[in-house]
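We did not get these values from a lab; they are worked out from the coordinates using the rules stated. This one's a predicted model, so the numbers in the text were calculated from it and none came from an experiment. Glycine gets a Cβ as well: all are built from the backbone with ideal geometry, and neighbour counts include every protein chain shown.
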Amino acid sequence: MNAHPEILRLLAFLAGLIIFAALNAAYLVWLERKVCGHIQRRIGPKEVGPFGLLQPLADGIKLMTKQVLVPPQVDPVLFRLAPALVLIPAIMSFVVIPFSANLVAREINIGLLLVFAFASVNVLGLLLGGWGSANKYAVISAARCVSQNVAYEIPMLITVITMVMITGTMNLNEIVLQQPDISQWYVFRFTASPLMPVAFLVFFICSLAETNRAPFDLGEAESELIAGFHTEYSGMGFGLFFMGEYANIVIGASLATVLFLGGWQSPVSFIPGGWWWFLAKVYFLIFTIMWIRWTYPRTTLWGLLNLSWKVLIPISLLNLLVTGGMLKLMPLIFGAG
Amino acid sequence: MIDLALSQNKEIFVLNLGPQHPATHGVLRVKLLMDGEYIVSAEPVLGYIHRMHEKMGENRTWAQFMPNTGRLDYLGALSYNHGYARVVERAAGIEVPERAEYLRVITVELNRIASHLLWFGAFVLDLGGFTPLLYAFDDREMILDLLESVTGARLTFCYFRFGGVYNDIDDNFVPGTRAFIKRLRKRMPEYHNLVTKNIIIIKRLRDVGPISAGMCRRYGATGPVARGSGINYDVRKNEPYSVYPEFDFDIPVYEDGDSMARYMVRMDEIEQSMRIVEQALDRLPDGPVMAEKVPKIIKPKPGDYYSVVEAARGTFGVRVVSDGTNTPYRLKLRSPTFSNLSLYGEAARGMLLADALALMGSLDLVIPEIDR
Amino acid sequence: MENLIAQFEAIPALAVKEADYPVRGYHLEVTVAPEAVVAAAEVMDVAGYTLEAITGIDWLGEEARRREAGVKARNAAAVKAAKEAEEEPPEPETADLSGITEEMEVVYDYTHYDHLFRVMVRCRVARDNPGLPSIHQVFAGADWHEKETHDFFGIVFSGNPDLVPFILPEDADYHPLLKDFST
């Protein structure tokens, strides 16, 4: 067995990541319901288990035992393929996320690129699901999702390019290592660019939009499009979309943590860093995302696209320019060292 | 409609919004002809909860129809009680004691606040914000508790009788109502901070779904829809009835005609209704709550009688035709949302789906009242 | 108001009379022939009124009841007169119910946003094959009210663009508010 430690390691990580994604989906739903409950002056789930902690289990059993209805007019292949196309890339993206210094499935030099490559597959899943459902609401939703994702990928990627210019690497763990304490976090690294907090906000807003979260949840605008692209899905078909959505939220929050908030590094040097810091930061961002969702109403498609093309893209381009200038200027001013 | 879809442009498709759809808040169906996300034409289809109340009215005695009025607009049932009680009192020449009129006004205005609060929550829900709904329900719940203690019902009230109301208030009602008004006074600024000043709400409502004053007149729109288009028309002021002339209150009117104007009219109306209730509580006279000499069997003199009241959604009118017997010969219910919704087809043309749903929400539809 | 009455009389209206508002709930009662409802609507439109509702009323048996009541009154009077004159009471008359045209009525309620003045326009139509022109060109909102009245009474508003069952099921071939309707 010693002959293939690498394969065993990968298998262990695969199982671990799938469980992580599934648990995240389950308990983020629980958290979401608790958070929204408390925001709305009620207490959320409380019947199943202590604090309703077994509620996700009950929901999971319900979803799995439900019949997966396939309406007669749908495209049978695309209809069944779409949920998998949403979930699998999301889980794949976890491969390169550094939970701690060593707790990373595969340290790849182009980790950042890989995450965005998989993130674009996600859109395909939504599009195929909406298109394959043979439902007009689903088609409208799919079209919205695509235009939204295309619009928001641009400022997001420009921000990421800026980050790559600053960090000089696409290896996520190395990026984390460059931020040993809170003053070194890229969100506060004004020496790299005075616009870094703005870049973080742009990235955060874009990840909200990319994951179809309120106030950008146009794809599943329930008061307009019933449930959007997953209107026709029931049982685990819907369950997979759901898991994929929450996995994507975790990915988005993880990337923001890794790029801007120091990843698994501790904010202060006398407390050791580790995976607990990573998870704490990720779940804080996720809580913020939920907070936003239960506070704001939904934008319209035009409002959403205007925000991207007229505000976020110019800001991120400006940031790119400033960063490039700073990169060239700083060595000239302060010397190459 | 479908022919048009096939002939002109292959990109145009028909979208059935409802009868089961989250945004229609009931069983309304709107046949939409869509060009992408733009609405080419919108045609509401009614009748999914039609119960033929008007025929029922011809088959029961005058008094027996009273419970039906609470089942028209289930959110503002007391106004409908009032409208029907008034027309029969007019026909049969029944005088209502002053205390009863005061109680009527207090309960109707509380009901109006409850209705507007629920609309407020549901409207923001249409715009994708879930949380205000539960805050509004929280307040509405207190009104329902108060009304339950007086009327015995929480939704389909049947509190009014010809010649008064059936039950006097208990000792807790006046302090309870005052406490509620004090509380709602504190909450209204919260609502305005949370919702009215929200940038997304402003962007979604301002200049969206304009309805002109001329359009209101052509379609007979009344209530907050007309008042949001600059028409200063409120039955409580224009055709004073009950004891409304004794109170000092304003009719909020906004000129813009957009969804924001209709929203603001209703939010201001909550404040005005609170003023009316407060004044009525201050001046609540003693005395009986039922007229002394109300005949057991009511037989109005033959002829036409018509009466209107201001319900939460606009002018509710009842026309009764009596043939001198103990049942109405004809009973016509003029419901406000029927006319208000009839302008939807014209107003929604060319709008985005999301904006058209915001427009529909701003009309404040209660489907059982449209279908009757 | 005099102005309005003059305009209605010029349509011409069959009758224009002021009503007792506190009792009736409307100020002016105008009776027009079916072909004059559009002209009446135009008068209202020009004066800035709005259409509040259209009401149908089925007067089935009304004329018969009226004649019977008249005959009954005459009989009673005759009996009374005979009693006073100490004569034999005459043979009671029976009502002549022939030649009756059963009628339906359509009532248009108009009101004004700015001042309190309610106008009620009545129009009688024959009960078999009832029809009158649509006023939806004048008041767009009349479209729905006419459809509803068509549903409930079978009154045909010629010129209404889409007079299909509106509130009733789309295959409904009955008119529930007719007095001789039974399920």
Determine whether region B:105-113 contains at least one residue that is hydrophobic (A, V, I, L, M, F, W, C), surrounded by fewer than 21 Cβ atoms within 10 Å (Cβ to Cβ) and over 30 Å from B:ASN193 (Cβ atoms).
-> no
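Please pick out the residue among B:GLY345, B:GLY350 that is small (Gly, Ala, Ser) and either surrounded by fewer than 18 Cβ atoms within 10 Å (Cβ to Cβ) or in contact with a His (Cβ under 8 Å, 6 or more places away or on another chain) (or both).
Values: B:GLY345 fails: either surrounded by fewer than 18 Cβ atoms within 10 Å (Cβ to Cβ) or in contact with a His (Cβ under 8 Å, 6 or more places away or on another chain) (or both).
Testing whether each residue is small (Gly, Ala, Ser) and either surrounded by fewer than 18 Cβ atoms within 10 Å (Cβ to Cβ) or in contact with a His (Cβ under 8 Å, 6 or more places away or on another chain) (or both) leaves just B:GLY350.
Any idea how many residues of region B:273-294 are among the small types (Gly, Ala, Ser) and touching a Pro at 6+ places or on another chain (Cβ under 9 Å)? It would help to see each step written out before you state the result.
First, the residues of region B:273-294 that are among the small types (Gly, Ala, Ser): B:273, B:280, B:287, B:291.
Filter once more, keeping what is touching a Pro at 6+ places or on another chain (Cβ under 9 Å): B:287, B:291.
Residues meeting the conditions: 2.
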The correct count of residues that are assigned to a loop (DSSP other than H, G, I, E, B), more than 9 Å from chain C (Cβ to nearest Cβ) and not β-branched (Val, Ile, Thr) in region B:302-325 is 4
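Quick check on region A:188-197. Is at least one of its residues under 17 Å from A:LEU320 (Cα atoms), out of contact with any His (no Cβ under 8 Å at 6 or more places or on another chain) and among the small types (Gly, Ala, Ser)?
At the first step, the residues of region A:188-197 found to be under 17 Å from A:LEU320 (Cα atoms) are A:188-197.
After this cut, where a residue has to be out of contact with any His (no Cβ under 8 Å at 6 or more places or on another chain) as well, the list is A:188-197.
In the following step, the residues that additionally are among the small types (Gly, Ala, Ser) were identified as A:192-193.
There is at least one residue in region A:188-197 that is under 17 Å from A:LEU320 (Cα atoms), out of contact with any His (no Cβ under 8 Å at 6 or more places or on another chain) and among the small types (Gly, Ala, Ser).
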If you go through region A:171-202, how many residues are surrounded by fewer than 16 Cβ atoms within 10 Å (Cβ to Cβ), polar (S, T, N, Q) and touching a residue at least 24 places away in the same chain (Cβ under 8 Å)?
-> 2
Which of the residues spanning region B:264-277 are out of contact with any helix residue (DSSP H, G or I) (no Cβ under 6 Å at 6 or more places or on another chain) and under 12 Å from B:THR196 (Cβ atoms)?
-> B:MET264, B:MET267, B:ASP268
Residue satisfying all of: in region A:278-306; free of Cβ contacts under 8 Å to residues at least 40 places away in the same chain and hydrophobic (A, V, I, L, M, F, W, C); farthest from the other protein chains (Cβ to nearest Cβ) among these = A:ALA280
Name, by its number, the condition in (1) more than 15 Å from the chain's Cα centre (by Cα); (2) under 16 Å from C:ARG118 (Cβ atoms); (3) surrounded by fewer than 17 Cβ atoms within 10 Å (Cβ to Cβ); (4) more than 9 Å from chain B (Cβ to nearest Cβ) that does not hold for C:PRO22.
-> (4)
Only one of (1) surrounded by fewer than 18 Cβ atoms within 10 Å (Cβ to Cβ); (2) acidic (Asp, Glu); (3) in contact with a Phe, Trp or Tyr (Cβ under 8 Å, 6 or more places away or on another chain) does not apply to C:GLU88, and that is (3)
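A:ALA256 - would you say it is within 30 Å of A:LEU128 (Cα to Cα) and in contact with a Lys or Arg (Cβ under 8 Å, 6 or more places away or on another chain)?
Working: within 30 Å of A:LEU128 (Cα to Cα): yes; in contact with a Lys or Arg (Cβ under 8 Å, 6 or more places away or on another chain): no.
No.
When you go through B:PRO175, B:PRO240, B:PRO189 one by one, which is the residue that is assigned to a loop (DSSP other than H, G, I, E, B) and not aliphatic (A, V, I, L, M)? Spell out the reasoning first.
Values: B:PRO175 fails: assigned to a loop (DSSP other than H, G, I, E, B); B:PRO189 fails: assigned to a loop (DSSP other than H, G, I, E, B).
Being assigned to a loop (DSSP other than H, G, I, E, B) and not aliphatic (A, V, I, L, M) holds for just one of B:PRO175, B:PRO240, B:PRO189, which is B:PRO240.
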Elements of type strands (runs of 3 or more DSSP E) in region B:7-115, at least 1 residues being within 14 Å of another protein chain (Cβ to nearest Cβ) and out of contact with any helix residue (DSSP H, G or I) (no Cβ under 9 Å at 6 or more places or on another chain) = B:29-35, B:38-45
